[in-house]
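Asker: Quick one: structure below, then a few questions.
The values are calculated or read from the model by the stated rules, or taken from the named source; none is laboratory data. The structure presented is a predicted model; accordingly, all values stated were derived computationally and were not measured. A quick note on method: Cβ atoms are made from the backbone with ideal geometry, for glycine too, and the neighbour counts reach across all protein chains shown. Quick note on the areas: whole protein, heavy atoms, side chains included, nothing else; ligands and nucleic acids left out. Shrake-Rupley method; radii C 1.70, N 1.55, O 1.52, S 1.80 Å.
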Amino acid sequence: MKFFSFYIPTVVFSAINLLVLYMIMKKILFTPIINFVENRKKLIKDSLDHAEHQKNEAEALRKDYEEQLKAARMAAEKIVEDSRVKAEKQHELLTQVARQEAEEILVKAQEEIQIKKEQMLKELKAEVAGLALAAASKVIEANMDNDKNRRLVDKFLDEAGAA
Amino acid sequence: MNLSEELTIAMSPHGLFGFKIFGMEIFVTDTIFLMWIIMAIMIILAMLLTRNLKLVPDGKQNAAEAFVEFMQKFSKDNMGHHSKHFVPYLGTLVLFLAVSNTISIFNILPVGSLMKTITGNEAFGELVLRPPTKDINLTVILALISIILVIFSSIRFKGVKGWLQYHVEPSVILLPFKIMDYFVRTLSLSMRLFGNILGSFILMELVFAVMPAFVPAVFSIYFDLFDGFLQAYVFVFLTSLYIGEAIE
């Protein structure tokens with residue numbers, strides 16, 4: 001057979017070979033790989049979508065919790081504030097009551113002092129009168145000169161003034 | 001036997017065994033037999049590569065996926081949106097041509113004598129692993145299939161009317177050229193492949209005859225491997241370009 005000659009059986013056999021090879025390769029190599037890669041792409045896309053969805057959900061949940069936390073914190077602050085105000089009011093009230101009581105006590109004490117003072121003055125006057133009487137009787141008893149007499153009276157008057 | 005006679009024998013296809021149909025003796029040539037070997041290699045490789053596909057690919061699955069995805073991208077670049085129908089054929093073609101063109105680097109394997117001892121057929125003694133694409137009968141049918149595929153895909157995706165219209169666009173003057181295109185393309189596809197592979201084959205045989213050691217290995221890297229892969233790529237690239245032009 002010459003190297004540059006057409007030989008129809010070779011052409012026909014080659015064509016059959018190529019077609020058979022094409023069909024086999026398509027069945028065992030290309031279709032499985034293409035389908036497999038396609039499926040894997042879909043799978044990856046699905047899981048990515050799923051992850052994205054879950055992330056969004058978690059984000060929403062986090063925001064929700066944050067809001068709840070904020071509300072709770074505000075409520076707590078309000079409670080603390082309220083109780084502080086209440087305590088202050090009570091404190092003021094108590095202070096006022098105490099002050100009033102103290103003032104009352106003070107007033108009473110002053111009144112008492114006043115009463116005592118007046119009493120003492122009364123007693124003192126009685127005493128002075130007694131003394132004056134005694135002194136007068138003494139003056140009368142003794143023969144006293146004018147000078148001495150006057151001095152006595154002065155002294156008495158001084159004493160009375162001092163009391 | 002001198003060198004030129006040896007070369008002529010090496011270059012020529014020869015019948016291995018024959019059978020009679022309608023009184024005609026039909027021979028199965030070594031081209032066909034080599035095709036069978038290459039098909040067997042490809043099918044076994046494909047089965048190994050795609051056995052139990054896993055979600056997280058390992059080495060061999062990566063290779064198969066990378067090849068298929070390369071062919072998908074290649075087809076999409078050259079043919080646009082209908083490209084997915086052509087991926088299996090173009091992929092098969094490029095694999096077949098790449099193995100065919102470079103199979104002579106394994107010609108040290110004693111396939112011929114092995115077959116001779118198995119079958120007892122004397123004709124197998126001549127069988128050496130040579131690229132089957134150096135036989136013009138194979139390259140012609142490859143080119144014909146490509147052109148038939150171009151015509152069929154054009155009719156399939158644009159309808160008979162669209163396909164006929166393609167010949168008179170943008171002007172009727174182009175009609176003879178467009179018709180001539182089919183023959184020119186068949187001729188150029190088949191002759192380019194045949195000439196390149198036969199040429200590098202002859203060159204390698206000559207180099208081997210003159211300097212049997214070391215030097216052929218260096219030349220083989222260019223003439224067998226590089227040229228073989230390049231021609232496989234060029235053939236598939238041109239086929240995809242023709243298809244892309246016909247279906248756009």
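Residue-wise test of (1) over 21 Å from the mean Cα position of the chain (by Cα); (2) modelled with pLDDT of 90 or more.
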{"residue": "B:W36", "(1), (2)": "no, yes"}
{"residue": "B:I41", "(1), (2)": "no, yes"}
{"residue": "B:I44", "(1), (2)": "no, yes"}
{"residue": "B:R51", "(1), (2)": "yes, no"}
{"residue": "B:V56", "(1), (2)": "yes, no"}
{"residue": "B:N78", "(1), (2)": "no, no"}
{"residue": "B:H81", "(1), (2)": "yes, no"}
{"residue": "B:H85", "(1), (2)": "no, no"}
{"residue": "B:P88", "(1), (2)": "no, yes"}
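Asker: Can you tell me which of B:L203, B:L149 is under 27 Å from A:F6 (Cβ atoms) and touching a residue at least 60 places away in the same chain (Cβ under 8 Å)?
Answerer: So the residue among B:L203, B:L149 that is under 27 Å from A:F6 (Cβ atoms) and touching a residue at least 60 places away in the same chain (Cβ under 8 Å) is B:L149.
Asker: Also, quick follow-up: Condition test on B:Q231, is it touching a Lys or Arg at 6+ places or on another chain (Cβ under 9 Å), part of a helix (DSSP H, G or I) and open to solvent by 20 Å² or more (accessible area, probe 1.4 Å)?
Answerer: no
Asker: Being open to solvent by less than 100 Å² (accessible area, probe 1.4 Å), within 14 Å of chain B (Cβ to nearest Cβ) and farther than 30 Å from B:I136 by Cα narrows it down to one residue among A:S83, A:S47; which is it?
Answerer: Matching residue, one of A:S83, A:S47: A:S47.
Every residue, every condition in (1) open to solvent by 60 Å² or more (accessible area, probe 1.4 Å); (2) within 9 Å of chain A (Cβ to nearest Cβ), yes or no:
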residue	(1), (2)
B:L3	yes, no
B:F22	yes, no
B:E25	yes, no
B:V28	no, yes
B:M35	no, yes
B:I38	no, yes
B:T50	no, yes
B:H82	no, no
B:V87	no, yes
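Asker: Could you tell me how many of the residues in segment B:153-173 are of a type in the set (A, V, I, L, M), more than 21 Å from B:L238 (Cα to Cα) and part of a helix (DSSP H, G or I)?
Answerer: Qualifying residue count for the region: 4.
Asker: Where residues in segment B:135-157 are within 11 Å of the chain's Cα centre (by Cα) and open to solvent by 10 Å² or more (accessible area, probe 1.4 Å), which of them is nearest to the other protein chains (Cβ to nearest Cβ)?
Answerer: B:I141
Asker: Additional query: Hey, could you check segment B:118-134 for residues that are assigned to a loop (DSSP other than H, G, I, E, B) and surrounded by 20 or more Cβ atoms within 10 Å (Cβ to Cβ) and say which is farthest from the chain's Cα centre (by Cα)?
Answerer: Filtering first and then ranking leaves B:L127.
Asker: Tally time: how many residues in segment B:58-80 are free of Cβ contacts under 8 Å to residues at least 24 places away in the same chain and at the interface with another protein chain (Cβ under 9 Å from one of its Cβ atoms)?
Answerer: 7
Asker: Within segment A:1-36, which residues are at the interface with another protein chain (Cβ under 7 Å from one of its Cβ atoms), of a type in the set (S, T, Y) and closer than 26 Å to B:A64 by Cα?
Answerer: Scanning segment A:1-36 gives A:S14, A:Y22.
Asker: Here is a further query. Identify, by number, the condition in (1) modelled with pLDDT under 80; (2) within 25 Å of B:G199 (Cα to Cα) that B:T119 doesn't meet.
Answerer: (2) is the only condition that B:T119 fails.
Asker: With the condition kept exactly as written, say whether any residue in segment B:104-113 is open to solvent by less than 20 Å² (accessible area, probe 1.4 Å), in contact (Cβ under 8 Å) with a residue 60 or more places away in the chain and in contact with a helix residue (DSSP H, G or I) (Cβ under 9 Å, 6 or more places away or on another chain).
Answerer: Yes, segment B:104-113 contains at least one residue that is open to solvent by less than 20 Å² (accessible area, probe 1.4 Å), in contact (Cβ under 8 Å) with a residue 60 or more places away in the chain and in contact with a helix residue (DSSP H, G or I) (Cβ under 9 Å, 6 or more places away or on another chain).
Asker: Checking the condition modelled with pLDDT under 90 and among the aromatic types (F, W, Y), which residue from B:F96, B:F106 passes?
Answerer: After applying the criteria, what remains is B:F106.
Asker: For segment B:193-203, does any single residue satisfy the condition of being modelled with pLDDT of 90 or more and open to solvent by 60 Å² or more (accessible area, probe 1.4 Å)?
Answerer: Within segment B:193-203, not a single residue is modelled with pLDDT of 90 or more and open to solvent by 60 Å² or more (accessible area, probe 1.4 Å).
Asker: Is it fair to say B:L149 is hydrophobic (A, V, I, L, M, F, W, C), part of a helix (DSSP H, G or I) and more than 26 Å from B:K84 (Cβ to Cβ)?
Answerer: no
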